[in-house]
Amino acid sequence: MGFNRKNALIAAVCVLAIAGSAALIYYREFRAPKYNVELHQRVGEIMAEQTAKVVGHAGRVVVLTIPTRGQPDLQTQLEAFRRTLKKLGNYDLKERELDPKDQPKYGVGCGISGRRFVRAVKKEEKADALVSFIGAPKLSDQELAELTKMPKFIAESRSMDALPKLFEKHLIEVAVVSRFVFPAPGTHEPTTPQEWFEKRYQVVTASAATTMPQAEQ
């Protein structure tokens, strides 16, 4: 009788161990984030910090984004942005979701066209700041002429192509850009969110815009 109980206990322990291992493998391989969560949290925090520097301790801030379904990195950035901005001051925050219309060009730091940007500006002319998580637009001369009144503009951008012109025309205050100056500052083996940020991104203002690589014509 005791022998059977012992065997049953051993079998139960084995089953639990197998189930635990299976759960761990499932989480690591299928449920665990496939992106650097702390890095994207830091991007969102820095976007908020730069917005606060531009706007001051209070103001109306409009965020340009797209639906975050299927964009967990964007969702992480936006959550960190909201949370940090709330700590930094008293802001009237509004988010304008643009419909990407299944176009793959839309994503974190990319996608917004000149035409859609101009429309957004015209609808939000009374905002103190317009913050784009979907890139910086390339603007035609006609589109530039339409921007008679412009909120302060902050953007996250994967590409630098549109930025020199925006800085030259004083249409953008600051950009969080995929790193283009190497070597990156700090350690080669980043461990903290800030170190990861410095390895992958950099903050560009008008004074530093002249160091940016020029887009090929």
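No value in this document is a laboratory result; all are computed from the given coordinates. Note that this is a predicted model, so its numbers are computed, not measured. Heads up, the Cβs are rebuilt from the backbone with ideal geometry, glycines too, and the neighbour counts pull from every protein chain shown.
Check whether at least one residue in region 57-65 is more than 23 Å from Leu171 (Cβ to Cβ), within 15 Å of the chain's Cα centre (by Cα) and in contact (Cβ under 8 Å) with a residue 24 or more places away in the chain, and report yes or no. Taking every residue of region 57-65 in turn, none turns out to be more than 23 Å from Leu171 (Cβ to Cβ), within 15 Å of the chain's Cα centre (by Cα) and in contact (Cβ under 8 Å) with a residue 24 or more places away in the chain. So for region 133-148 (the condition being surrounded by fewer than 20 Cβ atoms within 10 Å (Cβ to Cβ), of a type outside the set (A, V, I, L, M), in contact with an Asp or Glu (Cβ under 9 Å, 6 or more places away or on another chain) and touching a residue at least 40 places away in the same chain (Cβ under 8 Å)), does at least one residue qualify? Checked region 133-148: no residue is surrounded by fewer than 20 Cβ atoms within 10 Å (Cβ to Cβ), of a type outside the set (A, V, I, L, M), in contact with an Asp or Glu (Cβ under 9 Å, 6 or more places away or on another chain) and touching a residue at least 40 places away in the same chain (Cβ under 8 Å).
Tell me, please, whether a residue that is part of a helix (DSSP H, G or I), in contact (Cβ under 8 Å) with a residue 12 or more places away in the chain and either farther than 30 Å from Asp99 by Cβ or not acidic (Asp, Glu) (or both) can be found in region 168-190. Even if it seems obvious, please write down each step before you answer.
Kept after step one, since they are part of a helix (DSSP H, G or I), are these residues of region 168-190: 168.
Subset that is in contact (Cβ under 8 Å) with a residue 12 or more places away in the chain: 168.
Applying the additional criterion that residues be either farther than 30 Å from Asp99 by Cβ or not acidic (Asp, Glu) (or both) yields 168.
Among the residues of region 168-190, at least one is part of a helix (DSSP H, G or I), in contact (Cβ under 8 Å) with a residue 12 or more places away in the chain and either farther than 30 Å from Asp99 by Cβ or not acidic (Asp, Glu) (or both), which makes the answer yes.
Condition check ((1) surrounded by 17 or more Cβ atoms within 10 Å (Cβ to Cβ); (2) in contact with a helix residue (DSSP H, G or I) (Cβ under 7 Å, 6 or more places away or on another chain); (3) of a type in the set (Gly, Ala, Ser)) across all residues:
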| residue | (1), (2), (3) |
| --- | --- |
| Arg69 | no, no, no |
| Leu74 | yes, no, no |
| Phe81 | yes, yes, no |
| Lys86 | no, no, no |
| Glu95 | no, no, no |
| Phe153 | yes, no, no |
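When region 92-116 is filtered for residues that are in contact (Cβ under 8 Å) with a residue 24 or more places away in the chain and either in contact with a Ser or Thr (Cβ under 8 Å, 6 or more places away or on another chain) or among the polar types (S, T, N, Q) (or both), the ones remaining, listed by number, are Glu95, Arg96, Glu97, Leu98, Gly109, Cys110, Ile112, Ser113, Gly114.
For region 97-143, a tally of residues being more than 23 Å from Arg60 (Cα to Cα), hydrophobic (A, V, I, L, M, F, W, C) and not in a loop (DSSP other than H, G, I, E, B) returns 1.
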